[in-house]
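Asker: Let me give you the structure first, and then I'll get to my questions.
Taken together, the values in this text are just the output of simple stated rules run on the coordinates, not laboratory data. Small disclaimer: the values here were computed from a predicted structure and weren't measured. All Cβ positions, even for glycine, are placed from backbone atoms using ideal geometry, and neighbour counts span all protein chains on display.
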Amino acid sequence: MSAETTTTENKKKSSGAIKRIWQVFVILSVLTIVEVVLGIIKPDFLVNTDIVNMHLLNWIFIILTIFKAYYITWAFMHMEHETSGLRRSVVWTGVFLISYIIAILLIEGYYIYDVFVNGFITWDF
């Protein structure tokens, strides 16, 4: 009798895990399809609107990519079952690192753009 109960419980757990995998697959697929469609279509209002020296379309790509990375970490590293301290240490490290990389890319990219457009530029320290 206990073997049957264990088998039934295992089937319920595995069906829940399979449902979770399909849920993650659908969410990530929809986000990826949105990115691909926006990349192919490139709506004018997203390309011609600039926020912090970058097109709004690029910001949408960055935000969707960060969200997908966070969701992959949350789902496949089983962060929803961990303590809040571990979740924060994993997630906030990534958030700060990505924010730093974006800031460096924006600063250096704008400087390189100015060099190509206006010739050599030097900063006076």
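Asker: Among the residues of the range 73-96, how many are surrounded by 14 or more Cβ atoms within 10 Å (Cβ to Cβ) and among the aromatic types (Phe, Trp, Tyr)?
Answerer: The number of residues fulfilling the criteria is 1.
Asker: I want to confirm something. Restricting to the range 50-88 and keeping residues that are under 10 Å from the mean Cα position of the chain (by Cα) and aromatic (Phe, Trp, Tyr), which single residue is nearest to Tyr111 (Cα to Cα)?
Answerer: Here the residue is Phe61.
Asker: Restrict the check to the range 80-93 and report whether at least one residue is closer than 29 Å to Asp114 by Cα, among the charged types (D, E, K, R) and assigned to a helix (DSSP H, G or I). Lay out the reasoning, then the answer.
Answerer: Residues of the range 80-93 closer than 29 Å to Asp114 by Cα: none.
No, the conditions are met nowhere in the range 80-93.
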